[in-house]
1. Where in region 92-117 does the label zone of residue 63 land, with the point 7 angstrom along Cα→C-beta and an amide N cut-off under 11 Å?
2. Give or take rounding to whole Å, what are the principal axis extents of the alpha carbon atoms in region 40-153, in descending order?
3. About the Cα centre of region 38-144, how large is the charge dipole given +1 on each Lys and Arg Cβ and -1 on each Asp and Glu Cβ? Please answer in debye to the nearest 20.
4. So for region 51-155, if I pair up every lysine 8 or more residues apart or on another chain, how many of those pairs have alpha-carbons under 24 Å apart?
5. Between 79, 98, 109, whose Cα lies farthest towards the positive end of the dipole of region 60-113 when Lys and Arg beta carbons carry +1 and Asp and Glu beta carbons carry -1, centred on the Cα centre?
6. Quick check on packing: order 45-52, 104-111, 87-94 by the mean number of other C-beta atoms within 10 Å, highest mean leading.
7. If amide H atoms are built 1.01 Å from N in the plane of the peptide, which residues on other chains or at least 5 residues away come under 5 Å of the amide H of residue 111?
Amino acid sequence: MNVDQFLHKFGVNMKKSGVFLFASALLVAAVPATADIVEGRTTNDRPFVTGGIGLGEVDRLKQIADKYSLQLIVSSRSGAYLADMQVAIAAANGQKILDTQLKAPWLLVDLTPGAYTVSVAHPGAPTQQRKVLIAAGKRERIVIQLDVPADTAKNPAPAK
């Protein structure tokens with residue numbers, strides 16, 4: 001299996017995205033090794049899950065992703081997955097739907113159809129925002145890359 005095939009398995013299209021996420025695919029990530037998939041509810045009682053530490057969690061999240069209208073993945077610009085971010089999702093009317101600390105790079109949330117603003121804040125990086133329109137029966141995916149050096153992480157990947 002070549003690198004493109006490996007990355008494609010994880011939903012990364014090198015030609016389409018134009019961003020090389022090799023470090024992400026190899027999980028040279030700066031995330032705590034103790035994170036697990038966590039379930040919760042939004043302020044309007046919609047389910048969400050977070051996780052994505054290691055290939056097993058990523059596979060589990062991919063298996064359930066079709067039950068959620070929004071998938072958010074956060075990494076550094078180098079491609080390393082990030083954790084310890086503050087994520088907020090607000091409806092078009094300003095109502096805060098979700099405001100949570102992520103301990104892992106993936107967030108799946110089942111939003112009702114409508115327009116939303118997704119904000120991601122990480123220490124040492126400017127907050128990033130994305131607008132997203134959730135249509136009935138459709139799935140949206142947002143990948144946010146922050147200007148955070150991977151070597152500032154609390155738990156860098158072990159040296160080989």
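Read-outs throughout are calculated quantities, based only on the coordinates presented, and are distinct from any laboratory measurement. Every value quoted in this text rests on a predicted model; they were computed, and no experiment measured them. All Cβ positions, glycine included, derive from the backbone under ideal geometry; neighbour counts span all protein chains shown.
1. Counting backbone N atoms under 11 Å from the label point, the list is empty.
2. Principal axes ranked by extent give 39, 31, 20 Å for the Cα atoms.
3. The calculation lands at about 260 debye.
4. Count of close lysine pairs: 11.
5. Farthest towards the positive end: 79.
6. Descending mean neighbour count gives 104-111, 45-52, 87-94.
7. For residue 111, the qualifying residues are 69, 70.
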